[in-house]
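Undergrad: Attaching a single structure in structure tokens format; questions to follow.
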Amino acid sequence: MSGVITAAEAPERLVDLVVERFVALHGRAPEGVFGAPGRVNLIGEHLDYNDGPCLPIALPNLTVAAAGRRADSRLSVSSLQQDGSFEADLNALGPGAVAGWAAYVAGVVWAARQKGIDVPGMDIVVHSSVPVGAGLSSSAALECAVALAVCAAAGVEVDGQVRRDLVEICGRAEREVAGAPTGGMDQTIALFGRKDHALLIDGSAPLRQIPWHPECAGLSVLVIDTRASHALNDGGYATRRAQCEQAAELLGVSSLRDAFDRSLRLDPIEDDVVRRRARHVLTEIERVRRALDALSTGDWRTVGSLLDASHASLADDFEVSCPELDLACSAARGGGALGARMTGGGFGGSAIALVPSERAGSIAALVAGVFASRRLVLPAFHLAPASQGGRPLAPRLVSG
Ligand code: GAF
């Protein structure tokens, strides 16, 4: 029975592997290698598309993209992890032109061109230590690593404004080409994450870096990847989003955030399901605020109990949890976690638990034991120190 906590692959190792593959495939060195991380959201789930606050941290797990310009106007894409490669003329990219994992790459190139970036023909090879399909934002990590490579190839210097543009470009790729109608949280943390900080993304307010030092209280974030399947383009996520929009419309506001700010009651919403969706959003906004207060005073017990309450609301009112996520959270709490919740879009994927660092291994073993006793696929475990966002990893290779 395994409860082993897997360490994230070192960035240098990912770079070596992706460069080696690039050289083998293309017979030359790449001009640059760029990385972007996965994430866990600490609290504020399913709020980004309701203009509400969320508080993600970037993971040490990275997706890397090695890239080199070509003499023609074609894009070629391959991966060390995924079967099949993709190649097409730049002018043939766009919604409907490509399916599967390559859609995230081709989508970024297409959306960057739509934004007016003069992207040349490129060869791109990707590799990743972000678990795929685990609700840890492997899609955004891929998009953002590729977006940084695209900027270098087009000679665009990446400052804060360009990073904001890239969030929009990657979001378009995900929504319009890959078909997942997500908000912008994952791309924002992948591009703006900072070591030892959580990022407060709060509607249209400026981004705020919030110091995040659980280690000072002897605590860590344990990620429990339940390995229950998770996808954001199969209808469940889009339905939740539509129900939130419906609730806002019934309340006569532009977003549920607006309803929160005006302290509106939910009575005018007759449909029980739609009312419960809205209740999750309003109560979750309040939980984020209380979590920020608790963090500012180092009140980790309260942070833990807010994680628990967030999970209950996501399970009962928003109905995006699943038996494996519920089990992971309750087992972690039983093992001594201060709190635990599903993280990300849900319907499978990962949970996070705030645990005493010295007990992370024993809590992982206990969770694995509970899963084994139910004959469930064993979870994978990771630690989540708040890490740096997207960046060049091998600048020595970048030309021009
Ligand atoms: C997924 C989406 F991509 C995010 O935009 C966000 O809505 C999240 O689910 C739920 O908080 O990760």
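The values are calculated or read from the model by the stated rules, or taken from the named source; none is laboratory data. All of these numbers come straight from a predicted model, not from anything done at the bench. Ideal geometry is used to build each Cβ from the backbone, glycine not excepted, and the neighbour counts take in all protein chains shown.
Undergrad: Take residues that are over 13 Å from T226 (Cβ atoms), over 22 Å from the mean Cα position of the chain (by Cα) and acidic (D, E) and tell me which of the helices (runs of 4 or more DSSP H) falling wholly in the range 267-377 contain 1 or more.
TA: 272-296, 300-316
Undergrad: Can you name every residue in the range 210-228 that is part of a strand (DSSP E or B) and away from the ligand (no atom under 16 Å from the Cβ)?
TA: I210, P211, L219, S220, V221, L222, I224 - these are the residues of the range 210-228 that are part of a strand (DSSP E or B) and away from the ligand (no atom under 16 Å from the Cβ).
Undergrad: Residue check, Q388 against (1) within 20 Å of S139 (Cα to Cα); (2) in contact with a Leu (Cβ under 8 Å, 6 or more places away or on another chain); (3) not hydrophobic (A, V, I, L, M, F, W, C), all met but one. Which one?
TA: (2)
Undergrad: Between residues in the range 297-318 that are over 15 Å from A353 (Cβ atoms) and at pLDDT 95 or above and residues that are among the acidic types (D, E) and surrounded by fewer than 21 Cβ atoms within 10 Å (Cβ to Cβ), which pairs lie under 9 Å by C-beta distance while being six or more apart or on different chains?
TA: Correct list of pairs: D299/D293; T302/D293; A315/D326.
Undergrad: Does A247 fit the bill of being over 19 Å from the mean Cα position of the chain (by Cα) and touching a residue at least 12 places away in the same chain (Cβ under 8 Å)?
TA: yes
Undergrad: If I filter the range 338-350 for residues that are farther than 19 Å from G236 by Cβ, buried (at least 23 other Cβ atoms within 10 Å of the Cβ) and modelled with pLDDT of 95 or more, do I get at least one hit?
TA: yes
Undergrad: Check L14, L55 and return the single one that is within 16 Å of the ligand (Cβ to nearest atom) and at pLDDT 95 or above.
TA: Of L14, L55, the one residue that is within 16 Å of the ligand (Cβ to nearest atom) and at pLDDT 95 or above is L55.
Undergrad: Take the residues in the range 1-34 that are buried (at least 24 other Cβ atoms within 10 Å of the Cβ) and in contact with a Pro (Cβ under 6 Å, 6 or more places away or on another chain); name whichever of them is farthest from A180 (Cα to Cα).
TA: F22
Undergrad: Of the residues in the range 184-209, how many are assigned to a strand (DSSP E or B) and either without any contact (Cβ under 8 Å) to a residue 24 or more places away in the chain or touching a His at 6+ places or on another chain (Cβ under 6 Å) (or both)?
TA: Of the residues in the range 184-209, 2 are assigned to a strand (DSSP E or B) and either without any contact (Cβ under 8 Å) to a residue 24 or more places away in the chain or touching a His at 6+ places or on another chain (Cβ under 6 Å) (or both).
Undergrad: Residue check: is D83 more than 30 Å from L200 (Cα to Cα) and without any contact (Cβ under 8 Å) to a residue 12 or more places away in the chain?
TA: Considered against the rule, which asks whether it is more than 30 Å from L200 (Cα to Cα) and without any contact (Cβ under 8 Å) to a residue 12 or more places away in the chain, D83 comes out as yes.
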